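Throughout, read-outs are computed from the coordinates displayed, never taken from laboratory work. Please read all numbers here as calculations on a predicted model, not as lab measurements. Using ideal geometry, Cβ is built from the backbone for each residue, glycine included, and neighbour counts are taken over all protein chains shown.
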Amino acid sequence: MKKIIAFGGSSSKNSINKQLAVYAAGLFANAEVEVLDLNDYDMPVFSVDREKENGIHPLAQVFYDKIGSADFIVLSLAEHNGAYSSAFKNTLDWASRINNKTFQQKPMLLLATSPGARGGASVLDIASKRFPYQGAEVKGTFSLPTFFENFDTVNGIINPEFKNQLMEIIQSIEI
């Protein structure tokens, strides 16, 4: 059985991106899913001065090790002002000091959603271009627009068109 690490790139306790990541990870057959919460990796804002004074934050190592334990990653990114959330960026910044290839050549399904009509398209575009340089093998991307109209906590994606799009992507990925 393959191990999937799923998480949302948000520190919101009710993160819609975490909900989407967990839902999508659950669609893979023969996989064990471990869900991460960025709130468990709350660290001071990264700076080279802090690193010089105190070393790499221990939670960065824990996060990096979790990524390393995965056979596959499902990550759904929150979009804050067109880019990553500061919580996700900070975690990535700290972990990248252990290894710039933070994602350790792990295959990844990259997702984004938002309440708006673009569904986090800007952050998804940024990440799909950037993450391969940080060791991710992006196997597919998916954006879910207008989250609250297209998703519910019981049934997941309720819009048949979007559900089919995601299923086609997942079926094309072998883990």
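Which residue out of Ile67, Ile73 is surrounded by 15 or more Cβ atoms within 10 Å (Cβ to Cβ), touching a residue at least 60 places away in the same chain (Cβ under 8 Å), among the β-branched types (Val, Ile, Thr) and within 23 Å of Phe151 (Cα to Cα)? Please lay out each step first, then the result.
Details: Ile67 fails: within 23 Å of Phe151 (Cα to Cα).
Just one listed residue meets the conditions, Ile73.
Table: residues versus (1) aromatic (Phe, Trp, Tyr); (2) closer than 30 Å to Asn155 by Cα; (3) surrounded by fewer than 11 Cβ atoms within 10 Å (Cβ to Cβ).
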{"position": "Asn17", "(1), (2), (3)": "no, yes, no"}
{"position": "Ala24", "(1), (2), (3)": "no, yes, no"}
{"position": "Phe28", "(1), (2), (3)": "yes, yes, no"}
{"position": "Val33", "(1), (2), (3)": "no, yes, no"}
{"position": "Val45", "(1), (2), (3)": "no, no, yes"}
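When Asn99, Asn150, Asn155, Asn90 are screened for being surrounded by fewer than 22 Cβ atoms within 10 Å (Cβ to Cβ), in contact with a helix residue (DSSP H, G or I) (Cβ under 6 Å, 6 or more places away or on another chain) and at negative phi, only Asn150 passes. Exactly one residue among Leu124, Leu144 is crowded, with 23+ Cβ neighbours inside 10 Å and at negative phi, and that residue is Leu144. Residues in the range 76-110 that are part of a helix (DSSP H, G or I) and either over 14 Å from the mean Cα position of the chain (by Cα) or under 23 Å from Lys3 (Cα atoms) (or both): Phe88, Thr91, Leu92, Asp93, Trp94, Ala95, Ser96.
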